[in-house]
Every structure is written in C-alpha cells, then in structure tokens.
Amino acid sequence: MNTNAYTHQRGYTLLELLTALTVLLILTTLALPSFSNIVRRTQSDTQVYALVNAAQLARSSAVMRQQSVVFCASADQRTCGNDWTEGAMVFADPNDNRTVDNDEPVLAVLPPPPEGSTLVMKAALNKQYLRYMDNGMLENTAGSFIYCPAHATEREARNVIFNRTGRMRLGYDRNRDGIPENAEGQPVRCPL
C-alpha cells in the first residue's frame with residue numbers, strides 16, 4: 001500500500017478557512033454602512049426624478065392640450081389632497097376644480113414614496129398643487145418640493161425648486177457641505 005499518496009493532498013485547513021471568513025466578515029461590516037448610504041441616495045434621486053418627470057409631463061401636456069393641467073397630491077386619484085406621501089397625479093383640469101371629472105383624463109399617477117420617507121411641497125399661500133396653464137406657466141406660485149428618505153440625514157435629502165415659469169431645478173449644494181440648499185439658500189433639514 002502506498003502511504004505517500006495521501007501526504008501530497010492539497011486543501012485548506014480549518015484554521016485557514018476561519019481566518020478567511022473572519023476577514024470577509026470584517027470587510028462586509030465596514031462596507032455595509034456605505035452601501036446603505038448609497039441605497040438611500042439612489043432612492044432619493046429616483047423619487048425626485050419621478051417628481052420632476054411628472055411635473056414636466058404636466059407642463060408639456062398643458063401646452064399641447066391648450067388647457068389647464070394639474071399636478072397634485074392624491075390618495076384616491078380622483079381629488080387633490082395635501083399629503084404628498086400618499087401619492088400624486090397629473091390630470092387635465094379645464095374647469096379648474098382640482099377634481100378628476102368624467103371627461104378629464106388622468107395623465108400620470110405617482111405611487112407613494114417608500115414608507116417612512118417624507119415628501120413636502122412648500123409654496124406661497126400653502127398651496128399644495130401645481131396648475132399649469134396653456135402657455136406652460138404656473139398659475140399659482142413658486143416654491144419647492146423636499147424629499148427625505150426614511151432614517152436619512154440631510155445629505156440624502158433632495159430639493160426640487162420650481163418657479164412661476166413652470167421650470168424645475170434641483171437644489172444645489174453651493175457651500176459644498178454635502179447638504180443641498182433650498183431656494184433661499186438655507187440647508188434642507190430632515191426630518192421635515
């Protein structure tokens with residue numbers, strides 16, 4: 001019987017496997033918080049871009065249809081509400097009643113943002129809707145939307161600023177502290 005056949009086997013010892021597993025766990029533990037921040041930032045960007053796209057749809061639809069189009073918070077997709085965390089809709093509203101009537105098409109529906117996050121519209125006179133007129137301008141006001149994901153810091157917050165012409169822009173971090181500023185130049189705060 002040849003006993004040398006077993007002495008040349010290759011493999012890892014239990015100690016080597018446990019050492020490799022320990023190193024992997026340490027690296028995973030260090031990377032996990034960074035990954036969570038990336039997920040929250042991506043979630044914020046996705047929510048804000050959906051909001052901007054809906055507003056751009058409302059504006060272009062108002063011009064194309066030559067009638068008022070409303071973008072508002074709505075839980076039931078029939079009437080405008082005040083809570084943007086319940087969802088939103090864009091619809092043609094030629095009679096200006098902020099209610100979807102039988103002959104008024106709903107052009108887009110935005111689902112609610114993820115649970116625990118906040119989405120707030122801040123505008124003059126506390127208006128909670130945007131009405132685009134047939135020339136693409138806003139009828140009512142200028143202001144902003146502020147989005148904060150659940151368990152986020154100000155660094156993951158996003159701010160969308162809209163003006164009377166109906167155009168939107170993202171709030172910038174002009175002082176480079178990692179926190180976007182609102183239209184007045186003040187840092188956005190979470191939770192709202």
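Please treat every number below as a calculation from the coordinates, not as lab data. Keep in mind that what you see is a predicted model, and the values were worked out from it rather than measured. Positions of Cβ are generated from backbone atoms using ideal geometry, with glycine treated the same way; all protein chains shown enter the neighbour counts.
For segment 114-192, trypsin sites (Lys or Arg not before Pro) are listed when DSSP marks them as loop and at most 10 other Cβ atoms sit within 10 Å of their Cβ; the list is R174, R176. When the chymotrypsin sites (Phe, Trp or Tyr not before Pro) in segment 89-192 are filtered for DSSP coil states and for at most 12 other beta-carbon atoms within 10 Å of their beta-carbon, the remaining sites are Y172.
Is the shape of segment 67-144 rounded, prolate or oblate, going by the alpha carbon gyration tensor and its root eigenvalues a ≥ b ≥ c, with a/c under 1.5 for rounded and a/b larger than b/c for prolate? Oblate shape, in that a/c is at least 1.5 and b/c is the bigger or equal ratio. Just how far, in whole angstrom, is segment 76-134 from segment 172-190 if you go by their alpha carbon centroids? When both Cα centres are located, 26 Å separates them. Restriction of the GluC sites (Glu not before Pro) in segment 57-161 to DSSP coil positions whose beta-carbon has at most 13 other beta-carbons within 10 angstrom yields E115.
Eigen-decomposition of the gyration tensor built on the alpha-carbon atoms of the chain gives equivalent ellipsoid semi-axes of 51, 20, 13 angstrom, largest listed first.
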